[in-house]
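Read the structure below first, then the notes.
The values are calculated or read from the model by the stated rules, or taken from the named source; none is laboratory data. Since the model is a prediction, treat every value here as computed from it, not as a measurement. Glycine gets a Cβ as well: all are built from the backbone with ideal geometry, and neighbour counts include every protein chain shown. For accessibility, only protein heavy atoms count, side chains too; no ligands or nucleic acids. Shrake-Rupley method; radii C 1.70, N 1.55, O 1.52, S 1.80 Å.
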Amino acid sequence: MSRTPFIAGNWKMNTNIEEAVALIKTMQPQLNKIQGVEKVLCPPFISLNAARGVTRGSTVKLGAQNMFYEEKGAYTGEISPLMLKDLCDYVIIGHSERRQYFGETDDIINKKLKAAVTHNLKPVLCVGETSEENEAGQTKEVIGGQLIKCADKLYFMSGMVIAYEPLWAIGTGKNASGNEANRTINFIRQFISRMHGSGIANTVRILYGGSVTAANISEFMREPDIDGALVGGASLKADDFVSIVRQASEIKGL
Ligand code: PEP
């Protein structure tokens, strides 16, 4: 079953508009030359419009880092799917930093997923366990619970991507091994197969995220169930991100 590899850069709360545009302009000519990989950049909201101008006509796609589930109204500071739908293709939903610092629950995440697909935004749904849960051998239970609450069949039909991001590996420099990540991602695929059938499970792209760098991406891309990566810190360095995308293409590019 061939699945187009997917590499997304999550810039988190970094770069102003000028810096975001400059970073895209630095990466884009090289990214455009790399075939067979879907490349998505997720700058902060304020830069999406400028980024859209810079990426028009290129192979680089855009994603938002978050989104609220209501379309409009008295929700000070929030961004709605209606505001995003003409600016980007993807939206990251349920990133662990949202769960951890902004109190996002599976219920909220489910509402956001539903709102995203209603407005033709493809979600990148993040799941993952804490270090305590990992050490207690609860990884499968935790992720299974997240999938049951947040992974309706409808969302997969929209082209949803799943990112397995163990919390202990995000921004810590302590990545999971390729083998370890593949084992959990294989579990996620089997779980989705039991929930929605093998057709969906075999086509959904499942990424690894957590301290991915240009030095370790090949370890992940060589694993059979890993279809790409959600990259934080390393996606802010043009050479590193281009190298990650290039290696993904060399190993699994279609
Ligand atoms: C992330 O932001 O999803 C992430 C995985 O960050 P980092 O690559 O910096 O660990």
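Given +1 on the Cβ of Lys and Arg, -1 on the Cβ of Asp and Glu, and no further charges, what dipole in debye does segment 204-249 carry about its Cα centre, rounded to the nearest 20?
100
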When the accessible area of the chain is split by element with a 1.4 Å probe, what percent falls to carbon and sulfur?
-> 49
Overall dimensions of segment 113-152 by Cα: Rg and Dmax, Å | 12.8, 39
Extension reserve of the residue 250-residue 45 stretch, reckoned as 0.36 nm per residue once the Cα distance is removed | 70.7 nm
Inter-site label distance for residue 107 and residue 195 at 7 Å from Cα along Cβ, in nm | 1.9
Note down, for segment 72-164, the three equivalent ellipsoid semi-axes (square root of 5 times each alpha carbon gyration tensor eigenvalue), biggest first, whole angstrom.
-> 25, 15, 10
By the scheme Lys and Arg +1, Asp and Glu -1, what is the net charge of all other residues having a beta-carbon under 14 Å from that of residue 194?
-> +3
Set of aspartates and glutamates near residue 237 by C-alpha distance (under 19 Å), chain-local residues within fewer than 8 positions excluded = 18, 19, 38
Taking only pairs that are 8 or more places apart or on different chains, how many Lys pairs in segment 1-145 have Cα atoms under 20 angstrom apart?
-> 27
Output for segment 1-51 (equivalent-ellipsoid semi-axes, sqrt of 5λ from the C-alpha gyration tensor, Å, descending) is 23, 13, 7
Ratio for segment 102-254, C-alpha Rg to 2.2 N^0.38 Å, reads 1.01
Tell me, in nm to one decimal, what length is gained between residue 186 and residue 239 on full extension, where the rule is 0.36 nm per residue of separation less the Cα-Cα distance?
-> 16.0 nm
So what is the accessible area of segment 97-193 per residue, in Å², with the probe set to 1.4 Å?
-> 45
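Considering only DSSP states other than H, G, I, E and B, which trypsin sites (Lys or Arg not before Pro) in segment 191-254 qualify as loop sites with at most 14 other Cβ atoms within 10 Å?
Sparse-neighbourhood loop trypsin sites (Lys or Arg not before Pro): 222.
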Between residue 149 and residue 2, what is the spin-label point distance in nm, taking each point 7 Å from the Cα along the Cα→C-beta axis?
-> 3.9
Label 7 Å along Cα→Cβ of residue 52; segment 1-44 residues with amide nitrogen under 14 Å?
-> 43
Place a label point 7 angstrom from the Cα of residue 132 along the Cα-to-Cβ direction, then list the residues of segment 74-113 whose backbone nitrogen is under 14 Å away.
-> 100
Segment 1-136: mean projected area of Cα convex hull, nm² | 10.3
Hey, what's segment 1-50 come to in accessible area per residue, 1.4 Å probe, Å²?
-> 46
